[in-house]
Amino acid sequence: MPEKPYDHTQIELKWHERWQNAGFYQAEENSAKPKFYVLEMLPYPSGTLHIGHIRNYSIGDALARYKWMRGFNVLHPMGWDAFGLPAENAAIANDTPPRDWTLRNIAAMKKTHRRFAFSYDWDREVSTCEPEYYRWNQWFFLQMLQRGLAYRKKALVNWCPTCATVLANEQVVEGCCWRHESTPVEQRALEQWFLKITAYADQLLDDIRGLEGGWPERVLTMQRNWIGRSEGAEIDFKLAETGQPIRVFTTRVDTIYGATCVILAPEHSLNEQLPDTAGKAQAKAMVDARANQGPGDVLKEGFFTGHYAVNPYSGEQVPIWVGNFVLMGYGTGAIMAVPAHDARDFEFCRKYGIAVRPVVRPADGELAVEPGMLEPYEEYGVVENSGPWSGLTSEEARRKMAAFAEEHGFGKAAVTFRIKDWGISRQRYWGTPIPVIHCPNCGVVPVPESQLPVVLPDRIEITGTGRSPLENVPEFVNVACPTCGGAARRETDTMDTFIDSSWYFYRYCDPHNSAAPFDSAKIAYWFEIDQYIGGVEHAILHLIYSRFFTKMMRDLGLISNSEPVRRMFTQGMVIAEGAKMSKSKGNVVGADMLAEKFGADTARLFVLFAAPPEKEVDWRWEGAEGIYRFLGRVFRFVTRTAGSGGSGASDKKVLRKLHQTLKKITEDFETRWHFNTCIASVMELVNVLYAEEENLSSALLAEVNEKLALLLAPFAPYLAQEIWEELGKEGPVFRQSWPAFDPELAKEEEAEIVVQVNGKLRTRISASFGTPKEELERRALADEKIQPFLAGKQVVKLITVPDKLVNIVVR
């Protein structure tokens, strides 16, 4: 056949049109095949896809196509995390309703997905802003409300006094409102809805053990730390003047005789009564400063309240301070400071001249002496100067002192968690309405299930000021109480959008069900997700929330699995020309532009070839050009050699290389996913084909060309399909069987022997497998590249590993 030029536009648009509505990617129901559920995290519909998105989707798509070729029933769906603040911001900036903006973006992104031939089952598409979806968010909320897992309490929020509105954390820029940088953000206490995720804290932590080996250890470590289980004791100090208890949590009750002050969080309720007017203002300033500071950012500051607390063990009075580094959300919001045995306390107390008193010594050492103590001793040891507990080990003292506190009514052994209940209230329009009604007679009343969904009103005014845009829609707010029939008001807060993404992958299994969130039998077939793919930035919130939702749904009797995901993969990010992509830098590499300039196959292949999928990729235009040239070489070779043949003198050599390539790619798909080396091995095969083209028989060329199409099918689907057709084959190439390799044919005839001198690589030699060590040593010593390193030296020893290495030791 005559050689054809590679015209990516003609090839890709041709198959793009043919595949549009062909239904090739639909998962089968009630299949006897083994199932494989592969999923990339659903995107927020920002409007455009860039090369970073393409990398994420190319990884999942390659795996889906490979699994189809291995005979699996594959579920590979896509949807849209469609609620969120950017749509409201766009409404303010462009006078565009959030729904219109969102749906327009979805249409644009879906068009790009299709252009890149990602193998999604679009019949299962889910958009979280549609009432058909978010009604089940509301249904889940009602189930949790009924079981005490949803509740309402006052909590601090970011508040802009100029806008008179609540701000999301993302809208706070260096402590000020994002709209006007001169307005400091305050913290205000408002009634908020919470989900009791802490009821599952032990399960969330303990079940991590079952994820080991399938999830990245980095992600599991982040989750363990976020959940943060701490065993210790809760102890009541007492306000000296009144005897009012001040409960502290400590993991080291064995050090309590070294406590030299009690420190309250700025939000602690005692700050309403203990400090003077100036102190109250100082505490409020600390609270407001939290708007742009995490606990790791805080320069430790505090002030003395003028009051004292009584240590229940020693009877000693210690000063009560307020410290900006003490968190109300951890433990009880009050700590006992033991500067001699805690680095944080040591720093604070040294700064303010508070006493440092050592009470624990190393088991084989002396008790530190103060003054002159340069750093705290934080390890366990032997307790000293601690009344009847002196002489006990720290471990024994912890147990006995906690039991003593419980026996005498001033404390108990306790467990606390860093993770706190999930605040889901958002004073926003573009989110799921919370399905409760506030009645002056009946209190908080759940919306009856028969009245779900509570639908967001369309075309409302969004100004960015005031609490919630929904408060200004009387036809939404004013309703009759379902219980008494009297005048009542709807809840105007909407749900955190992490609710939407906490269970969406279950809905994919049954997306059109109007009677339930899903059919439990379908979940039993598809779950757990076999492979989930997304960024490590979602390691904590999204992945912990989705694990919580799974356990909650299990306890509702909807599912039987306790975890949603069997294997988790976090891909590396994509940068451009050495810098992180951003609109301000003008270096965002758009997907549509790439498809036009180079083609979808080139972009897909580049992001898979440039680095292992877990590593960072630097987009380089010259790299994309190299991939484009490679695809052209493949296409020209196949079209030139299809139906032709030569002498066959190199058939054996090329057949071995083919089976080595098949073995390499198959094993990589099944284990480590080093797609970069998979693609490199195809490139090596193509190089060999070009070198040996005239010496290959027609039968061998026919086999190689067919296998090339199958090998490229997961990575470059357009080119693979075009080659398949050029070879006279029918049907979608990725629905063919994956080619098997012959282990015997994949073996090298000769081993590559590393030759070292004093442990340093100097050359390599080839030898038949099983060559005697004496022959290997003779050839190594005689090699011309080794001779200069032996001149004037004495060979002391030869270390030989058959078929692998000869190390010549000289002096």
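The values are calculated or read from the model by the stated rules, or taken from the named source; none is laboratory data. Because the structure is predicted, anything quoted here is derived from the model rather than measured. Don't worry about glycine lacking a Cβ; one is built from the backbone with ideal geometry, like all the others, and counts go over all protein chains shown. SASA here: full protein model, heavy atoms, side chains in, ligands and nucleic acids out. Shrake-Rupley method; radii C 1.70, N 1.55, O 1.52, S 1.80 Å.
Here are the numbers:
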| read-out | value |
| --- | --- |
| Any hit, region 147-167, residues being open to solvent by 40 Å² or more (accessible area, probe 1.4 Å), in contact with a strand residue (DSSP E or B) (Cβ under 7 Å, 6 or more places away or on another chain) and of a type in the set (S, T, N, Q) | yes |
| Search result, residues across region 753-764 that are polar (S, T, N, Q) and not in a strand (DSSP E or B) | Asn758 |
| Complete set of residues in region 764-811 that are at positive phi and either of a type in the set (Lys, Arg) or without any contact (Cβ under 8 Å) to a residue 24 or more places away in the chain (or both) | Gly792 |
| Checking Cys261 against (1) in contact (Cβ under 8 Å) with a residue 24 or more places away in the chain; (2) among the hydrophobic types (A, V, I, L, M, F, W, C); (3) surrounded by fewer than 17 Cβ atoms within 10 Å (Cβ to Cβ), the condition it does not meet | (3) |
| Thr128 vs. criteria of a type in the set (S, T, N, Q), under 22 Å from Thr492 (Cβ atoms), modelled with pLDDT of 95 or more and buried (at least 17 other Cβ atoms within 10 Å of the Cβ) | yes |
| Region 99-118 residues that are under 21 Å from Arg604 (Cα atoms) and in contact (Cβ under 8 Å) with a residue 40 or more places away in the chain, paired with ones that are open to solvent by 50 Å² or more (accessible area, probe 1.4 Å) and of a type in the set (Val, Ile, Thr) (beta carbon under 9 Å, 6 or more apart) | Ala108/Thr48; Met109/Thr48; Thr112/Thr48 |
| Any hit, region 410-427, residues being among the acidic types (Asp, Glu), over 34 Å from the mean Cα position of the chain (by Cα) and surrounded by 13 or more Cβ atoms within 10 Å (Cβ to Cβ) | no |
| So Ala767, is it among the small types (Gly, Ala, Ser), in a loop (DSSP other than H, G, I, E, B), open to solvent by less than 40 Å² (accessible area, probe 1.4 Å) and modelled with pLDDT under 95 | no |
| Residue ID - surrounded by the most Cβ atoms within 10 Å (Cβ to Cβ), chosen from residues in region 562-614 that are free of Cβ contacts under 8 Å to residues at least 12 places away in the same chain and in contact with a strand residue (DSSP E or B) (Cβ under 8 Å, 6 or more places away or on another chain) | Asn587 |
| Residue within region 644-651 that is in contact (Cβ under 8 Å) with a residue 12 or more places away in the chain, hydroxyl-bearing (Ser, Thr, Tyr), over 27 Å from Glu730 (Cα atoms) and open to solvent by 60 Å² or more (accessible area, probe 1.4 Å) present | yes |
| Residue match in region 633-642 (condition: in contact with a Ser or Thr (Cβ under 6 Å, 6 or more places away or on another chain), open to solvent by less than 60 Å² (accessible area, probe 1.4 Å), at pLDDT 95 or above and of a type outside the set (Phe, Trp, Tyr)) | no |
| Qualifying residues in region 324-356 (those that are touching a strand residue (DSSP E or B) at 6+ places or on another chain (Cβ under 9 Å), over 24 Å from Pro371 (Cα atoms) and not hydroxyl-bearing (Ser, Thr, Tyr)) - the one modelled with the highest pLDDT | Ala334 |
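Yes or no, residue by residue, for (1) buried (at least 23 other Cβ atoms within 10 Å of the Cβ); (2) among the β-branched types (Val, Ile, Thr); (3) in contact with a Cys (Cβ under 6 Å, 6 or more places away or on another chain); (4) at pLDDT 95 or above:
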position	(1), (2), (3), (4)
Glu3	no, no, no, no
Asp7	no, no, no, yes
Leu13	no, no, no, yes
Pro77	yes, no, no, yes
Asp81	no, no, no, yes
Leu85	no, no, no, no
Asn94	no, no, no, no
Ala107	no, no, no, yes
